[in-house]
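So the structure is just underneath, and the comments pick up after that.
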Amino acid sequence: MIVDVMKVFVTVIEQKNFTRAAELLHISQPNVSLHIKNLENELGAKLIHRSPKQVSLTEAGVILYKHAKQILVHYEEAKHEIHDLQHIVTGNLRVGASFTIGEYILPKVLAKYAAQYPLVNIETIISNTDEVTHGVQMNELDIGLIEGEAQFDDLIIEPFMEDEMIVVAPNPNPFSQKSLIEKDLLQDQVWILREQGSGTRTYMDKLIDDLNLTIKRSFIFSSNQGVKEAVKAGLGIALLSRWAVNSELETNLLHALYIKNHKIKRPFSIIKNKNAETSKALHVFQSTIEEFVLWME
């Protein structure tokens, strides 16, 4: 590589000695001499006056030394610029999230990410779990954040956080004096449900099966906010993520009901298409999610 030859030449001149140059460059003295000889042959000019005590430049050597120094400076500048290019995160990122994650977790993650990587253009889609999964499978989304269990041969699925789901009722309600309830108290209740395809709905259906619940009547809403407003209005009770109801529980707008001997946990997972390329923007976004989870702990 010409840069290596220039480095040998410059080092010999600045050290005024072949032996000291060899020691600094960690190569043999014959190798140093060979580099200089090849350089002189290539240029067709003598570059160095050799003497037992030191070396000095010929007229041609002076010219080459000036340009060799510039070549080495430009090379180092190029290395730094290329290094910066590799570490500057730019491009586009398409993120899909199911409603609970998209409404209550994703904004916090994006705020941190956007502050650190302002050159990345971010498009977010908030929909139910089935639609986010489909978007990742079709390469319409670079990454998806979904609720609940998932298994797909064409996707990489990595759980990143555990979520707790709780039954919520309006406040006041017949259960206002209780937080821990027997499962029988949930029989023949009016339930506010999410739509089919929602991760929350999947766990509600599982709760109905596990507890063999009889539903008196149900209302279906396609968002967590709609479900919460319906519960606050006294329309019925619902199963929701704690993330979705933290504010309402703190302000006593909703009342949490915990079922005796029955905890409801589910994973939040990152999903990516196995066949899609991972960009720098995507890689650092996933790292930002991991940092958020550590901060939450």
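Estimate the FRET efficiency between residue 277 and residue 75 by the formula 1/(1 + (r/R0)^6), using the beta-carbon distance for r and 30 Å for R0, to the nearest 0.05. That pair, residue 277 with residue 75, gives E of 0.50.
Computed from label points 7 Å out along Cα-Cβ, the spacing between residue 53 and residue 242 is 8.3 nm.
With the convex hull of its Cα atoms as the shape, the chain has an orientation-averaged projected area of 23.3 nm². Hey, what number do you get for the chain at 222 nm if only DSSP H runs of n ≥ 4 count, each worth -39500 (n - 2.57), divided across all residues, to the nearest 500? So the calculated ellipticity at 222 nm is -15000 deg cm²/dmol. Between residue 41 and residue 67, the distance separating the two model label sites (each 7 Å from Cα on the Cα→Cβ line) works out to 2.0 nm. Look at the dipole of the range 70-158 built from charges on Cβ: of 118, 91, 156, the Cα furthest out on the positive end belongs to 118.
Calculated FRET efficiency, residue 209 and residue 177, Cβ-Cβ r, R0 41 Å, to nearest 0.05? Efficiency, rounded to the nearest 0.05: 0.90. Within the range 85-123, find all residues whose amide N lies under 12 Å from a label point positioned 7 Å from the Cα of residue 284 along Cα-to-beta-carbon. Only 85-92, 113-121 pass the distance filter. Picking from 231, 203, 190, whose Cα lies most toward the positive end of the charge dipole for the range 177-233 (charges on Cβ: Lys, Arg +1; Asp, Glu -1)? Projecting each Cα onto the dipole axis, the largest value belongs to 231.
Here residue 16 is the anchor, and the lysines within straight C-alpha reach of less than 24 Å, apart from those fewer than 8 places off in the same chain, are 7, 37, 46, 53, 66, 69. Stretching the chain fully between residue 114 and residue 250 yields a gain of 46.0 nm (0.36 nm per residue, less the alpha carbon separation). Taking all Cα pairs closer than 8 Å and separated by 6 or more residues, the relative contact order of the range 16-60 comes to 33 percent. Counting only protein heavy atoms and a 1.4 Å probe, tell me what percentage of the chain's accessible area is made up of carbon and sulfur. Result for the chain: 52 percent of the exposed heavy-atom area is carbon or sulfur.
Distance between the pseudo-spin-label points of residue 26 and residue 90 (7 Å out from Cα toward the beta carbon): 3.5 nm.
Evaluated with a Cβ-only charge set (Lys, Arg +1; Asp, Glu -1), the chain carries a dipole of roughly 940 debye about its Cα centre, given to the nearest 20. Here the dipole of the range 77-223 is about 640 debye; that uses its Cα centre as origin and unit charges on the Cβ of Lys and Arg (positive) and Asp and Glu (negative). Within the same chain, lysines fewer than 8 places from residue 280 are excluded, and of the rest, those with a Cα less than 30 Å from its Cα are 79, 108, 112, 272. Along its principal axes, the range 177-297 has C-alpha extents of 51, 31, 29 angstrom, given from the largest down. Mean projection of the Cα convex hull over all viewing directions, computed for the range 122-183: 7.0 nm². The residues of the range 34-77 expose on average 70 square angstrom of accessible surface per residue, using a 1.4 Å probe on protein heavy atoms. Once C-alpha pairs closer than 8 Å and six or more residues apart are averaged by separation and normalised to the residue number of the chain, the relative contact order reads 21 percent.
The calculated FRET efficiency for the pair residue 83 and residue 16, based on their C-beta separation and a Förster distance of 35 Å, comes to about 0.60. The residues of the range 160-297 expose on average 51 square angstrom of accessible surface per residue, using a 1.4 Å probe on protein heavy atoms. Compared with the dominant Cα axis of the chain, that is its longest principal axis, helix 29-43 is turned about 80°.
Relative contact order of the range 1-142, taken over Cα pairs closer than 8 Å and 6 or more residues apart, is 20 percent.
The values are calculated or read from the model by the stated rules, or taken from the named source; none is laboratory data. Only a predicted model underlies this, so the values are computations on that prediction, with no experimental measurement involved. Neighbour counts run over all protein chains shown; Cβ positions are idealised from the backbone, glycine included. Each accessible area value is taken on the protein alone, full model and side chains, heavy atoms only, with ligands, DNA and RNA left out. Shrake-Rupley method; radii C 1.70, N 1.55, O 1.52, S 1.80 Å.
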